[in-house]
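What follows is a single structure, written as structure tokens, with notes after it.
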């Protein structure tokens with residue numbers, strides 16, 4: 001059993017000794033309201049109590065993250081090199097074309113975040129989803145850590161323990177890894193202009209600015225562009241209009257933060273980026289092959305005999321232990337009547353989406369609502385494929401949420417919230433945790449989900 005719960009109780013005791021530390025709670029929320037932690041135009045909600053992880057937890061999360069990366073790379077490598085294997089996926093032919101475009105550098109999966117439910121008493125784990133394209137949250141973690149760093153409760157706890165964060169690894173660590181990957185690019189130039197590219201209406205633009213400044217500190221110019229503001233002249237990919245940085249600039253390397261389904265939705269206006277990659281005139285760090293990880297049918301693919309043949313016995317056992325049953329929500333693959341009758345066991349999701357869009361947990365519904373949801377999404381009825389997945393009960397921990405209302409300050413008792421841990425992996429190396437909590441079965445911002453600072457406690461390996 002980890003010491004996480006005892007650390008959390010100790011932290012809550014420090015708050016109690018400070019008569020609730022109302023000044024600290026107000027200061028933390030005020031910091032957030034003036035911070036760069038903005039999601040779709042709104043300041044993110046946070047926790048006053050950080051997630052406090054011990055050495056045992058760090059080691060377990062590192063093993064989960066890096067084992068998962070090795071398995072996913074094997075799937076990607078086989079898909080790229082073996083045409084016979086590609087039938088394990090059901091993909092739009094345009095997506096297949098994107099996935100097979102040349103990469104030109106060594107890293108198969110440069111940047112990912114694997115979201116996992118961890119029972120912090122038993123260390124058993126079950127995955128929620130894998131994220132490659134567009135993985136984010138680093139800036140939320142940074143700002144929320146800063147919001148509590150100077151509070152009396154945090155100082156009192158820190159005086160009794162050795163504490164550390166993952167902020168440096170998540171920011172400077174990614175810039176270092178990006179530049180290392182670019183150094184392996186076949187057509188690299190000595191002084192590259194780096195671009196961060198996304199569809200900006202759905203982007204975390206404040207986070208982009210921070211990374212652009214960190215690149216600049218390394219002597220590398222970095223600009224931010226909307227994918228639709230790129231032009232390809234046959235020889236160069238050009239950022240025509242910069243959101244941040246330089247207009248009409250040649251792009252040598254692009255960090256793709258745009259998820260592939262947004263590329264598909266904006267197919268015609270994404271062609272300059274696609275054609276530049278096809279012509280090998282830009283290093284796209286985060287190739288379109290990352291879609292093989294992003295698409296939630298990966299959970300089903302991992303159980304197929306063709307995939308099991310690629311993995312070691314230990315890796316197959318890991319999949320069995322951590323990946324919940326997953327199938328397309330089609331009558332040919334699952335008994336839809338059984339899914340309706342046992343709603344608390346299931347959650348349904350689109351195979352290719354993000355931000356918890358169109359995710360439904362049976363526990364959130366009554367029987368009639370659930371039956372209607374199944375009918376509306378099964379067998380392609382929603383116009384896009386959905387999966388059904390075994391619902392994993394999250395581990396609950398005590399916290400004090402900060403939503404920006406008076407209850408933030410007057411709340412005397414901590415609330416037991418569900419946990420979801422996003423494990424960042426930079427080119428195979430575990431670098432940190434995106435710690436999210438919420439009161440509902442689906443943990444996300446629209447269900448009053450909050451983000452907590454990630455703090456390693458008394459762990460020399462995490463320093």
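Looking only at residues of region 304-326 that are under 14 Å from residue 127 (Cα atoms), surrounded by fewer than 17 Cβ atoms within 10 Å (Cβ to Cβ) and touching a helix residue (DSSP H, G or I) at 6+ places or on another chain (Cβ under 9 Å), we find that the one that is modelled with the lowest pLDDT is 325. Taking the condition in contact (Cβ under 8 Å) with a residue 60 or more places away in the chain and outside any loop (DSSP other than H, G, I, E, B), does residue 57 pass? When the stated conditions are applied, residue 57 passes them. Each residue in region 185-211 was checked for being surrounded by fewer than 22 Cβ atoms within 10 Å (Cβ to Cβ), in contact with a strand residue (DSSP E or B) (Cβ under 6 Å, 6 or more places away or on another chain) and part of a helix (DSSP H, G or I), and 3 of them qualify.
The rows are residues; the columns are (1) surrounded by fewer than 22 Cβ atoms within 10 Å (Cβ to Cβ); (2) more than 22 Å from residue 52 (Cβ to Cβ); (3) touching a strand residue (DSSP E or B) at 6+ places or on another chain (Cβ under 7 Å); (4) modelled with pLDDT of 95 or more.
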{"site": "388", "(1), (2), (3), (4)": "no, yes, yes, no"}
{"site": "396", "(1), (2), (3), (4)": "yes, no, yes, yes"}
{"site": "402", "(1), (2), (3), (4)": "no, no, yes, yes"}
{"site": "412", "(1), (2), (3), (4)": "yes, no, no, no"}
{"site": "417", "(1), (2), (3), (4)": "no, no, yes, yes"}
{"site": "427", "(1), (2), (3), (4)": "yes, yes, no, yes"}
{"site": "430", "(1), (2), (3), (4)": "no, no, yes, yes"}
{"site": "446", "(1), (2), (3), (4)": "yes, yes, no, no"}
{"site": "455", "(1), (2), (3), (4)": "no, no, yes, yes"}
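Each residue in region 96-116 was checked for being buried (at least 21 other Cβ atoms within 10 Å of the Cβ) and assigned to a strand (DSSP E or B), and 5 of them qualify. Within region 275-291, the set of residues being under 22 Å from residue 79 (Cβ atoms) and surrounded by 20 or more Cβ atoms within 10 Å (Cβ to Cβ) comprises 277, 283, 284, 285, 286, 287, 288, 289, 290, 291. Which condition number does residue 12 fail, the rest of (1) farther than 19 Å from residue 141 by Cβ; (2) out of contact with any strand residue (DSSP E or B) (no Cβ under 7 Å at 6 or more places or on another chain) being met? Condition not satisfied by residue 12: (2).
Every residue, every condition in (1) part of a helix (DSSP H, G or I); (2) buried (at least 20 other Cβ atoms within 10 Å of the Cβ), yes or no:
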| position | (1), (2) |
| --- | --- |
| 36 | no, no |
| 52 | no, yes |
| 66 | yes, no |
| 69 | yes, yes |
| 72 | yes, yes |
| 75 | yes, yes |
| 85 | yes, no |
| 90 | no, no |
| 94 | yes, no |
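When region 432-444 is filtered for residues that are in contact with a strand residue (DSSP E or B) (Cβ under 7 Å, 6 or more places away or on another chain) and at pLDDT 90 or above, the ones remaining, listed by number, are 432, 433, 434, 435, 436, 437, 438, 439, 443.
Kindly indicate whether residue 333 is free of Cβ contacts under 8 Å to residues at least 12 places away in the same chain and touching a strand residue (DSSP E or B) at 6+ places or on another chain (Cβ under 6 Å). When the stated conditions are applied, residue 333 passes them. Conditions: (1) under 22 Å from residue 323 (Cβ atoms); (2) surrounded by fewer than 17 Cβ atoms within 10 Å (Cβ to Cβ). Residue 381 meets all but one. Number of the miss? With (1) under 22 Å from residue 323 (Cβ atoms); (2) surrounded by fewer than 17 Cβ atoms within 10 Å (Cβ to Cβ) applied to residue 381, the lone miss is (1). Number of residues in region 212-227 that are crowded, with 18+ Cβ neighbours inside 10 Å and either out of contact with any helix residue (DSSP H, G or I) (no Cβ under 8 Å at 6 or more places or on another chain) or under 25 Å from residue 265 (Cβ atoms) (or both): the value is 6.
Restricting the search to region 144-156, which residues are touching a strand residue (DSSP E or B) at 6+ places or on another chain (Cβ under 9 Å) and surrounded by fewer than 23 Cβ atoms within 10 Å (Cβ to Cβ)? Within region 144-156, just 145 meets the criteria.
Would you point out which residue out of 375, 368 is in contact with a helix residue (DSSP H, G or I) (Cβ under 9 Å, 6 or more places away or on another chain), surrounded by fewer than 16 Cβ atoms within 10 Å (Cβ to Cβ), without any contact (Cβ under 8 Å) to a residue 24 or more places away in the chain and not in a loop (DSSP other than H, G, I, E, B)? After applying the criteria, what remains is 375.
The values are calculated or read from the model by the stated rules, or taken from the named source; none is laboratory data. From a predicted model like this one, the values you see are computed outputs, not experimental measurements. FYI the Cβ positions are ideal-geometry reconstructions off the backbone, even for glycines, and counts take in every protein chain you see.
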